[in-house]
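J.: Below: one structure in structure tokens.
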Amino acid sequence: MNNLLVTGGCGFIGTNFIRYLLSLAESGGKQGFSGRIINVDKLTYAGNPDNLSDMEARYPGRYHFVHADICDLPAMEKIIDDFSIDAICHFAAESHVDRSIVAPDAFVQTNVIGTFHLLELARKNSKRIERFHHISTDEVFGSLGEQGFFTEKTPYDPSSPYSASKAGSDHLVRAYRRTYDLPVTLSNCSNNYGPYQFPEKLIPLMILNAVAGQSLPVYGDGRNVRDWLYVEDHCRAIWQVMTAGRFGETYNVGGRCEMQNIDVVEKMCDIIDRKIPDKKIGSRRQLITFVKDRPGHDRRYAIDCAKIEKELRWQPQESFDTGLEKTIDWYLQNKAWVQRVQSGEYQQWMDQQYGGR
């Protein structure tokens with residue numbers, strides 16, 4: 001893998017993956033990566049080129065950003081030819097459940113049609129492309145009861161337009177393996193958290209609202225359960241699959257950390273109270289407000305990641321406590337990034353540079 005195409009690399013997980021992969025060259029060792037990364041991103045609302053603005057200077061000749069849409073087949077074909085792409089790591093996706101309920105068409109277009117275009121290009125260049133890795137979500141499996149875990153054999157049962165579009169893309173990837181023998185791998189992950197996550201997601205939203213003394217909206221009764229995975233642990237898992245995973249196989253990636261949403265929010269409140277106490281605000285827990293539940297809100301997700309642990313010897317290194325501390329510290333130390341993402345200045349700059357979002 002000398003010329004790795006990363007789609008959606010300006011998003012949350014893609015950003016962390018690119019930073020992780022390029023840093024391996026500095027740390028050395030068997031897992032090192034010495035090739036170059038071509039990051040293709042459409043720069044929709046959650047794609048932020050600021051996330052990687054220092055990469056070209058830090059890694060000259062090894063990182064390239066291209067502003068393009070994976071649904072633009074001629075543009076993607078040119079990128080794959082111009083950069084002699086020999087591996088693809090596919091993150092690009094519309095990924096927010098609430099947005100998919102309001103405007104599902106963008107999710108079908110990007111997640112299904114975009115993935116189809118990439119698979120077609122991989123098929124056309126099958127003599128050169130060594131690996132096509134597709135990143136997916138545990139939401140394709142639907143909702144669990146109080147017991148049990150999602151495994152790689154769990155039937156798909158998506159509950160939202162977002163999860164349905166990801167399920168469709170997963171099926172396409174598997175079909176291209178069976179029909180055309182493409183060298184594909186897949187991974188389905190649990191809820192990621194960590195640096196560079198767009199502030200609409202639960203953990204960064206609650207951090208920023210708690211710091212500002214604003215309301216902390218929690219859906220329903222707050223008892224929905226999610227398995228939490230620190231983003232760098234996920235990045236290590238992806239690279240492990242890309243370098244050692246068996247073609248045609250799916251690997252579930254989880255943090256082995258089930259938490260009710262209300263417990264997550266209360267834990268964040270307590271940490272922020274300790275780090276930046278505010279007498280005017282008092283206990284941040286009193287800011288918690290329960291709001292009407294969203295349609296199709298799955299009750300519980302839980303990942304069984306025994307397969308990747310056994311076959312590829314991957315395990316999460318962060319507990320939820322250590323990962324959450326790191327995440328809160330990052331947002332507290334990167335206020336300029338937060339302000340820029342949330343400001344009208346950022347929107348204007350995106351419009352000028354990239355023609356809008």
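Laboratory data are not the source of any read-out in this text; all were calculated from the coordinates shown. It should be emphasised that the depicted structure is a prediction, and the values quoted were computed from it without experimental measurement. Glycine gets a Cβ as well: all are built from the backbone with ideal geometry, and neighbour counts include every protein chain shown.
J.: Please arrange Phe65, Phe17 by counting, for each residue, the other beta carbons lying within 10 Å of its beta carbon, fewest first.
T.: So the ranking, lowest neighbour count to highest, is Phe65, Phe17.
J.: By how many degrees, between 0 and 90 and to the nearest 10, does the Cα long axis of helix 202-212 differ from the longest principal axis of the chain?
T.: Around 40 degrees separate the two axes.
J.: Continuing with this model, one more query. Rank the residues Ser136, Ser84 as a footprinting-exposure proxy: fewest other Cβ atoms within 10 Å of their Cβ go first.
T.: Ordered from fewest to most neighbouring Cβ atoms within 10 Å, Ser136, Ser84 come out as Ser84, Ser136.
J.: Highest mean first, how do 51-61, 261-271 rank when packing is the count of other Cβ atoms within 10 Å averaged over residues?
T.: Packing order, densest peptide first, comes out as 261-271, 51-61.
J.: Same structure, new question: Determine the calculated [θ] at 222 nm for the chain from helices alone, applying -39500 (n - 2.57) to every DSSP H run no shorter than 4 residues and normalising by the residue count; nearest 500 deg cm²/dmol.
T.: Dividing the helical sum by the residues of the chain leaves -12500 deg cm²/dmol.
J.: Only bridges with both residues in the chain count here: give the DSSP antiparallel percent, nearest 5.
T.: 10
J.: To continue, here is another question. Sequence gap at least 6, Cα distance under 8 Å: using those rules, report the relative contact order of the chain to the nearest whole percent.
T.: 17
J.: Another question, then. In degrees from 0 to 90, rounded to the nearest 10, what is the angle of the helix 73-82 Cα long axis to the longest principal axis of the chain?
T.: 70
J.: How much of the DSSP bridge set in the range 202-304 is antiparallel, in percent, rounded to the nearest 5?
T.: Close to 40 percent.
J.: By average Cβ neighbour count within 10 Å, what is the ranking of 201-212, 184-195 from highest down?
T.: Top of the packing list down: 184-195, 201-212.
J.: What angle do you read, to the nearest 10 degrees and between 0 and 90, between the alpha-carbon axis of helix 231-244 and the longest principal axis of the chain?
T.: The two axes meet at around 20 degrees.
J.: For each of Tyr331, Tyr251, count neighbouring Cβ atoms within 10 Å of the residue's Cβ, then give the residues from fewest to most.
T.: Tyr331, Tyr251
J.: Find the Cα radius of gyration of the range 160-305, compare it with 2.2 N^0.38 Å by division, and give the number to two decimals.
T.: Normalised Rg, Cα atoms only: 1.27.
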